[in-house]
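Heads up, the thing below is written out as C-alpha cells.
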Amino acid sequence: MTRDAITWFEIPARDIERATRFYEALLDKTLRRETMNGMQLAVFPRADDGVSGCLQAGPGAPAPGSATLVYLDAAPSLDAVLARLPQVGGKVLKEKTALPPGLGFFAHIEDVEGNRVGLHAPA
C-alpha cells in the first residue's frame, strides 16, 4: 500500500479560538476542538484516509511564528527510523511518544539543516 509522505501538520496559535475562527471562515470548514496532553487543538477535517492537521495551543506547543510542524511518514517502524537518525547526522528532539489508542506514535527530530520535523508511524 502506498502512503502519503506527510501524515500530519501542526500550526501554532497564541489564541486558539481566534485562530480557529480565522481558519473556519477562510476555508468555510468546521474544525473539531480537542484537548490532548493539556494542549488545546482545533483539528482540520480530512477525507476518510487523507492527511489532516491542527491548530495547537497550550503547554508544550511551539511558539507562534516559530514554524508549522510537518509530520513525515515513518511507517512501518518509528523505532527503525530513529535508529538510523544518528548515522545520517540528525538528532532526536522529542523521544518516541504514544498517541491516544489506535493513532500510533510520534517523535520530533532535527535534520542536518537545523529544521524541526515530526515523524509518525503506527508502531
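Being farther than 29 Å from D15 by Cβ, touching a residue at least 12 places away in the same chain (Cβ under 8 Å) and among the small types (G, A, S) narrows it down to one residue among A67, A57, A75, A83; which is it?
Going through A67, A57, A75, A83 in turn, the sole match is A75.
Do the conditions hold for A123, that is, is it assigned to a loop (DSSP other than H, G, I, E, B), within 20 Å of T20 (Cβ to Cβ) and not assigned by TED's automatic domain parsing to the domain that holds T30?
Judged against the criteria, A123 is not a match.
May I ask you to say which residue of R14, R3, R21, R46 is assigned to a loop (DSSP other than H, G, I, E, B) and either farther than 21 Å from F105 by Cα or within 14 Å of the chain's Cα centre (by Cα) (or both)?
R14
Could you check segment 24-43 and list, in sequence order, the residues that are at pLDDT below 90 and either within 17 Å of S66 (Cβ to Cβ) or buried (at least 19 other Cβ atoms within 10 Å of the Cβ) (or both)?
If the condition is that a residue be at pLDDT below 90 and either within 17 Å of S66 (Cβ to Cβ) or buried (at least 19 other Cβ atoms within 10 Å of the Cβ) (or both), then M39 is the only one that fits.
Quick one: would you say L78 is surrounded by 12 or more Cβ atoms within 10 Å (Cβ to Cβ), of a type in the set (A, V, I, L, M, F, W, C), closer than 18 Å to K94 by Cα and assigned by TED's automatic domain parsing to the domain that holds A98?
Yes: the conditions hold for L78.
Y71 fails exactly one of the following numbered conditions: (1) aromatic (F, W, Y); (2) in contact with a Ser or Thr (Cβ under 7 Å, 6 or more places away or on another chain); (3) surrounded by fewer than 18 Cβ atoms within 10 Å (Cβ to Cβ). What is the number of that condition?
(3)
Is it the case that some residue within segment 93-104 is without any contact (Cβ under 8 Å) to a residue 60 or more places away in the chain and touching a helix residue (DSSP H, G or I) at 6+ places or on another chain (Cβ under 6 Å)?
yes
The values are calculated or read from the model by the stated rules, or taken from the named source; none is laboratory data. Nothing here was measured: the structure is a model prediction, and the numbers come from that model. Virtual Cβ from ideal backbone geometry, glycine too; neighbours counted across all protein chains shown.
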